[in-house]
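Notes follow the structure.
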Amino acid sequence: MAKKNKDNGNVRCSFCGKEPSYRDILVPSPLGDSYICSECVGQIEGMIKDYLGEQDGTDKAAKEKLSKDEDFAGKKLPTPAEIRAFLDQYVIGQDDAKKYLSVAVYNHYKRLAQTEDDVDIEKSNIIMVGPTGTGKTLLAKTIARQLDVPFAIVDATVLTEAGYVGEDIESLLVRLLQASDYDVKKAERGIVFIDEIDKIARKGDNPSITRDVSGEGVQQGLLKLLEGSVVNVPPNGGRKHPEQKMIDVDTKNILFICGGAFDGIERKIAHRLNTHVVGFTGQNTRTKVDKDNYLQYVAPQDLKSFGLIPEIIGRLPVLVHLDPLDRDALLKVLTEPKNAIIRQYKKLFKMDGVELTFDADALEFIVDKAIEYKLGARGLRTIVETIMIDPMFETPSKDISQLTITLEYAEEKVKKAYIG
């Protein structure tokens, strides 16, 4: 480094020609007799920062555009038909529900790919109504297999109004953050499935004038999440504290799918249709209304009668029902999907070197019992587990290579277990 002016009388800055002073110094070049003053160093540093800043901005925009193009290019964006075909591999029946979900997910992808425009595409949150064991949760889990956006399944029954023991409404977003490795931008493009939404229905027709711990109060808290707003989320879940560090999550682009059994809503539908669940009715009404499946006529006013507040119904514009599974559908559920119950047990026995087979009449017996218990597809697993508990206990200790489940064996095990 050049010394002060008294030692370098003839030295000047090679850029601006300034001589060194007591406040200024000259930095020599290692390649020759050139110098640069500290003022020029500061100016060059500023120019470099400005240049790199412009480049970073350009590169960032280009990277974002490239990332968006890669995520939502035609070859990677699944069409509704492709999403539906994927659901068909795991879920039997429920054509209407599959169609609605496929379109909703496809539109969700397109919303994320939307550029600035004069038309702002709103999200279409979904509510699914169907009896237990018809595939509501399975549909959500199956979609999660195919999506490349964060997906979280949460249970509405654990939610309570703020200030009570339980989980706050914001805990729904904690699951989504966990699914996205706490990448907030990624989480804001995700999908949340809220199960058991019917369990937070208010208990009476009149609005509550006091705090409803796990009913209407929770519905009020869900409004801002479903509509789209910036929510303060505790990073590790749990209760909120005044001095706790929060994560801001914008729910504008998060798609919410709600599901519930709504047990007893058939009576609300029947009352609206001027029919009766039991008893006699007019011939004209009988020809128009399918009394075996009232859910196909479900309407928003039925959800209001059941106990959902109008504000939350308006934020779930897509209403879809799931049909009860008939005998043929249950038989397909038992054997056809990729993760069918019979395939699961065959896989378990195959790991022990045993080939497991079921007679056709044994499978029909299992289906008939499931219909008798009125538990839907979940009843199938209960019956098969009852029949297979002894073979699963004894087979690993025996030297056998093949096992066949007959009708007589299935009837004996079910009768012994006193089921029904």
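The values are calculated or read from the model by the stated rules, or taken from the named source; none is laboratory data. Please read these numbers as outputs of a predicted model, since none were measured by experiment. Because the Cβ atoms are built from the backbone with ideal geometry, glycine has one as well, and the counts that use them run over all protein chains shown. With ligands, DNA and RNA removed, areas are computed over all heavy atoms of the protein, side chains included. Shrake-Rupley method; radii C 1.70, N 1.55, O 1.52, S 1.80 Å.
Treating r as the C-beta distance of D181 and D88 and R0 as 30 Å, the FRET efficiency rounds to 0.45. Looking at region 99-197, which GluC sites (Glu not before Pro) are DSSP coil and have at most 12 other C-beta atoms within 10 Å of their C-beta? Taking region 99-197 and a limit of 12 other Cβ atoms within 10 Å, the loop GluC sites (Glu not before Pro) found are E116, E122. Of Y409, Y109, Y100, the order by accessible heavy-atom surface (1.4 Å probe, DNA, RNA and ligands excluded), from most exposed downward, is Y100, Y409, Y109.
Looking at region 308-420, how many pairs of lysines come closer than 13 Å at the Cα, when each pair is eight or more places apart or spans two chains?
On the way: K338/K346; K338/K347; K369/K413; K369/K415.
Close lysine pairs under the 13 Å cut-off: 4.
Heavy-atom accessible area, probed at 1.4 angstrom with all protein chains present, ranks E355, E411 as E355, E411, highest first.
Could you work out the relative contact order of region 299-420, using alpha carbon pairs under 8 angstrom and six or more residues apart, expressed as a whole percent?
Details: 92 pairs, mean separation 31.2, N = 122.
Relative contact order, region 299-420: 26 percent.
Length gained on full extension, K398 to K304, computed as 0.36 nm times the residue gap minus the Cα-Cα distance: 28.0 nm.
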